[in-house]
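The values are calculated or read from the model by the stated rules, or taken from the named source; none is laboratory data. Here the structure is a predicted model, which is why all the values come from computation and not from measurement. Methodologically, a virtual Cβ is constructed for each residue, glycine included, from the backbone with ideal geometry; neighbour enumeration extends over all protein chains shown. Side chains are part of the model used for accessible areas, which takes the heavy atoms of the whole protein and leaves out ligands, DNA and RNA. Shrake-Rupley method; radii C 1.70, N 1.55, O 1.52, S 1.80 Å.
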Amino acid sequence: FGRNIRPYATHFLDIFGHDRLMWGSDWPDCRLRGEYCDWFAVATTLTAHLSATDQARVFGDTAREFYGLEV
């Protein structure tokens, strides 16, 4: 199912950039189409072309900054 959302992920990255996107699983609703680990695997595949720093932003740093959370 990852290939079906690739155009959307690409568009979001192009429009908003890695420093404004935040990974979210939408659990438990995401289970209608797959398990959490499946969605996370798709998300990591769709962001594999990003640097490790940019991936870290998408998968946590942007959210920590936005919500003012401490590490």
Scalar couplings 3J(HN,Hα) for the stretch 37-43 by Karplus 6.51 cos²θ - 1.76 cosθ + 1.60 (θ = phi - 60°), nearest whole Hz, x for Gly and Pro, are 4, 5, 5, 5, 4, 5, 4
Given unit charges at Cβ for Lys, Arg (+) and Asp, Glu (-), the dipole magnitude of the chain about its Cα centre in debye, nearest 20, is 240 debye
Dividing the helical contributions, -39500 (n - 2.57) per DSSP H run of n ≥ 4, by the residues of the chain yields a 222 nm value, nearest 500 deg cm²/dmol, of -15000 deg cm²/dmol
Taking Cα atoms, the helix 2-16 axis meets the longest principal axis of the chain at an angle in degrees (rounded to 10) of 20 degrees
In the chain, the chymotrypsin sites (Phe, Trp or Tyr not before Pro) that sit in a DSSP loop and have at most 14 other Cβ atoms within 10 Å of their own Cβ are 1
Quick note, the chain: a/c under 1.5 would make it rounded; otherwise a/b > b/c is prolate and the rest oblate (a ≥ b ≥ c, C-alpha gyration tensor); here it is oblate
Heavy-atom accessible area of residue 53, protein chains in place, probe 1.4 angstrom, given in Å² to nearest 10, is 100 Å²
With every protein chain kept in place and a 1.4 Å probe, the chain has an accessible area per residue in Å² of 75 Å²
Once all protein chains are kept in place, residue 58 shows an accessible area at probe 1.4 Å, nearest 10 Å², of 10 Å²
The percentage of the accessible area of the chain (probe 1.4 Å, all protein chains present) made up of carbon and sulfur atoms, to the nearest whole number, is 56 percent
When every protein chain stays in place and a 1.4 Å probe is rolled, 65, 35 sorted by accessible area with the largest first are 65, 35
So residue 15 and residue 32, fully extended at 0.36 nm per residue minus their Cα-Cα distance, gain in nm 3.4 nm
Length gained if residue 4 through residue 25 is fully extended, taking 0.36 nm per residue and subtracting the Cα-Cα distance, is 5.9 nm
